[in-house]
1. For the chain, with all protein chains present and a 1.4 Å probe, just round the carbon and sulfur fraction of the accessible area to a whole percent.
2. If you line up the long axis of helix 2-14 against the longest principal axis of the chain, both from Cα atoms, how many degrees apart are they, to the nearest 10?
3. Need the full-extension length gain, Met197 to Asp99, defined as separation in residues times 0.36 nm minus the C-alpha distance. One decimal, nm.
4. In vacuo Debye scattering of the range 105-206, one point per C-alpha: log10 I(q)/I(0) at q = 0.10, 0.14, 0.19, 0.22 Å⁻¹?
5. Taking N as the number of residues in the chain, what is its alpha-carbon radius of gyration divided by 2.2 N^0.38 Å?
6. To the nearest 10 degrees, how steep is helix 169-181 against the longest Cα principal axis of the chain, on a 0 to 90 scale?
7. Cross-link partners among lysines for Lys177, C-alpha distance below 20 Å, same-chain residues fewer than 8 apart left out?
8. Give a quick list of trypsin sites (Lys or Arg not before Pro) in the range 65-128 that DSSP marks as loop, anything other than H, G, I, E or B, with at most 13 other Cβ atoms within 10 Å.
Amino acid sequence: MMRAFSEITSMCATMDLPTSVVPVARDLYRRVEEGNLHRGKNIDAIIATCIFLACRQKCVPRTFKEICAFTRVPRKDIGRTFKLLKEKLGADAGSMSSDDLMARFCANLSLLSTAQECAVMLNKAARQRDTLAGKSPVSIAGACIFMASHLVGQPRDVRVISHVAGVSEATIKNSYKLLYADRRNLVLPQMLEIDPMASLENLPPL
């Protein structure tokens, strides 16, 4: 158990996660061992999943892709272990919204604060109009960032956003098409005032 605790601490530090995540992830792992749920299972996958769950519980959610990148554990293994821990431990999976992902994705894309502010406003407007109802938080964040980056004159290619967000280009494009079709209702006057380069004419009709 001590080796696992050490791994959790090291991985959380590598991912630059808040220190509050560590004890929660450790407690989840302790419950796994006490329940003998680790027998015959991939220990690395269990550690990665405990960190994934702890991040959600402490309101600093990370995507499966981000956890996979740092832990080197295949996504399907984390997904399988995630379902097991939820079922056997009744672990609180927390929640993840597109707003939670926006700041991190924008930072990874080297976007200015004006693009991030616009993306957040677009997300709020789309939520109020149910423009992207049923879409996942990750695809919503990707589509809003794609639209906002073009709107304020800081365009980012859908391929690059896809890589950062960990979803397919097609997923982002499909969500963006819905945003684009409703653009005249979603793009509010205050969004166009965020940046002097902002214009509806900047939006590409995919």
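1. 50 percent
2. Roughly 20 degrees, rounded to the nearest 10.
3. This chain segment gains 32.9 nm when fully extended.
4. For the range 105-206, the Cα-only Debye profile gives -0.21, -0.42, -0.82, -1.13.
5. That works out to 1.14 for the chain.
6. It works out to around 40 degrees.
7. Hits, sequence-local ones excluded: Lys124, Lys135.
8. Sites meeting the loop and neighbour criteria: Arg72.
The values are calculated or read from the model by the stated rules, or taken from the named source; none is laboratory data. On a predicted model such as this, the values are computed, not experimentally measured, just so you know. All Cβ positions, even for glycine, are placed from backbone atoms using ideal geometry, and neighbour counts span all protein chains on display. Remember, those area values only see protein heavy atoms, side chains included, never the ligands or the DNA or RNA. Shrake-Rupley method; radii C 1.70, N 1.55, O 1.52, S 1.80 Å.
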